[in-house]
Amino acid sequence: MAAIYQAVYRRASSLFCRLHSTYVRKMRYLNELKEDDSLCRQAQTSGAFYLFHNLSPFLQQVGEKYLVPQLSAAEMKRILEKFKETEQWIEKSVLIGCSDEHVPHFALDLGALEKSVIESELKGSFTDLRKALFVVDGKDSPLLASAQSLLRWHDSHQYCSKTGQPTQKNIAGSKRVCHASGIIYYPQMSPAVITLVSDGSRCLLARQPSFPQGMYSSLSGFCDLGENVEETVRREVAEEVGLEVESLWYSASQHWPFPSSCLIIACHAMVRAQQAEISMNSLELEEARWFALEEIVEGLKREPGSSKQDDGASRE
Ligand SMILES: NC(=O)c1ccc[n+]([C@@H]2O[C@H](COP(=O)([O-])OP(=O)(O)OC[C@H]3O[C@@H](n4cnc5c(N)ncnc54)[C@H](O)[C@@H]3O)[C@@H](O)[C@H]2O)c1
Ligand SMILES: [Mg+2]
């Protein structure tokens, strides 16, 4: 009987593997880790850890490259022992993904421990996220951005906004609960739009006062409560440059960690060439003007950092 059961089980598991792609199995596994504290606690013992210090990610320079190292649970234990800290620290970490082989990835902020000791122990440095995003491999950027956003959210949601009592995170860090009121808090992000406005032959770019010298960007703005994406694009273009959008369409979207977690929705918008006179809102913008295609092509040829203040430090 047991042999039949085993055969049926093996057949069912191989069917599951064949029916579901690596991606589907990975997403289901991550979802299980978020829902099941004991499974996630177990996963931490074999996980890989990305380190942060006061929200700055840990990088290692190898030759010209900047790597984002993953530490094993054993290496984490060794580092924490240096500080006479217990492994309980590991429970402060948050789940940020997993490999195709289901090795779970966690992020942990060691901001309460001496930065220089960790840096010299691990031969690397904690680097401001804006600078890190300019130097790491492109595939690591989304990971650093979303890990920092999640760590930032936990750091600023330690207390229930209704009762004032401490909130507790689940092991994965996908939510926090106030046990006094039963309120569950989920990580938040703010939707925002970024819009390339065109009059058919030129496109409109602008500068905020905080931008590094020489940097222009398309218009952006946060969605107001109750607005859809189209309404936000029309309002922001009207508010910032005094133009009426005639038509618009969605282009792409990405998570953006500044000033804190945003979902940036990129759109194209057209205005009538006959009504393209800019009336800039100088409370928000320092400069806004139309650019011809040749100017954009020329500008894109410039190396990042070629202007004196362009270190990305004040970039939005
Ligand atoms: N990638 C880029 O080139 C680029 C360029 C510009 C802006 N951005 C991003 O676009 C987003 C919108 O930026 P913006 O400055 O144009 O917005 P904005 O035009 O809506 O103006 C910012 C102001 O909106 C208010 N605001 C409303 N909701 C807010 C929220 N959830 N968070 C913070 N402020 C809020 C604040 O008063 C803030 O000063 C930001 O995340 C910014 O970092 C990206
Ligand atoms: Mg704006």
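The values are calculated or read from the model by the stated rules, or taken from the named source; none is laboratory data. All values reported here derive from a predicted model rather than from experimental measurement. We place every Cβ from the backbone using ideal geometry, glycine too, and count neighbours over all the protein chains shown.
Mind checking which pairs have a first residue in region 234-245 that is part of a helix (DSSP H, G or I) and a second that is of a type in the set (Phe, Trp, Tyr), Cβ under 9 Å, 6 or more apart or different chains? Taking only residues 6 or more apart or on different chains, the pairs are GLU236/PHE222. Residues that are buried (at least 17 other Cβ atoms within 10 Å of the Cβ) and touching a helix residue (DSSP H, G or I) at 6+ places or on another chain (Cβ under 7 Å): does region 229-246 have at least one? Within region 229-246, one or more residues are buried (at least 17 other Cβ atoms within 10 Å of the Cβ) and touching a helix residue (DSSP H, G or I) at 6+ places or on another chain (Cβ under 7 Å). Pairing each residue of region 206-223 that is within 19 Å of SER261 (Cα to Cα) and not assigned by TED's automatic domain parsing to the domain that holds GLU295 with any residue that is more than 10 Å from ligand 2 (Cβ to nearest atom) and at pLDDT below 95, provided the two are 6+ apart or on different chains, yields no C-beta distance under 8 Å.
Which residue is nearest to HIS268 (Cα to Cα), if the candidates are limited to region 193-207 and must be within 13 Å of ligand 1 (Cβ to nearest atom) and surrounded by fewer than 19 Cβ atoms within 10 Å (Cβ to Cβ)? It would help to see each step written out before you state the result.
Residues of region 193-207 that are within 13 Å of ligand 1 (Cβ to nearest atom), as a first pass: 193-196, 205-207.
Filter once more, so that each one left must be surrounded by fewer than 19 Cβ atoms within 10 Å (Cβ to Cβ): 196, 207.
Numbers: LEU196: 5, ARG207: 18 Å.
For region 193-207, the residue satisfying everything is LEU196.
Return yes when SER146 is in contact (Cβ under 8 Å) with a residue 24 or more places away in the chain, touching a His at 6+ places or on another chain (Cβ under 8 Å) and more than 16 Å from ligand 2 (Cβ to nearest atom) and no when it is not. Judged against the criteria, SER146 is a match. Screening ASP224 with (1) within 12 Å of ligand 2 (Cβ to nearest atom); (2) assigned to a loop (DSSP other than H, G, I, E, B); (3) among the acidic types (Asp, Glu) gives one miss only, at (1). Is it the case that region 292-313 has a residue that's modelled with pLDDT of 95 or more, over 29 Å from ALA147 (Cα atoms) and within 16 Å of ligand 2 (Cβ to nearest atom)? No, region 292-313 has no match at all. Comparison of MET189, MET215 shows that the only residue that is within 13 Å of ligand 1 (Cβ to nearest atom), modelled with pLDDT under 95 and of a type outside the set (Lys, Arg) is MET215. For region 164-213, the set of residues classified as of a type in the set (A, V, I, L, M) and farther than 30 Å from LEU243 by Cα consists of ILE171, ALA172, VAL177, ALA180, ILE183, ILE184, listed by residue number.
Applying the set (1) within 14 Å of ligand 2 (Cβ to nearest atom); (2) outside any strand (DSSP E or B) to PRO187 leaves exactly one unmet item: (1). Residues in region 174-229 that are more than 23 Å from the chain's Cα centre (by Cα) and under 30 Å from GLU32 (Cα atoms): CYS178, HIS179, ALA180, SER181, GLY182, ILE183.
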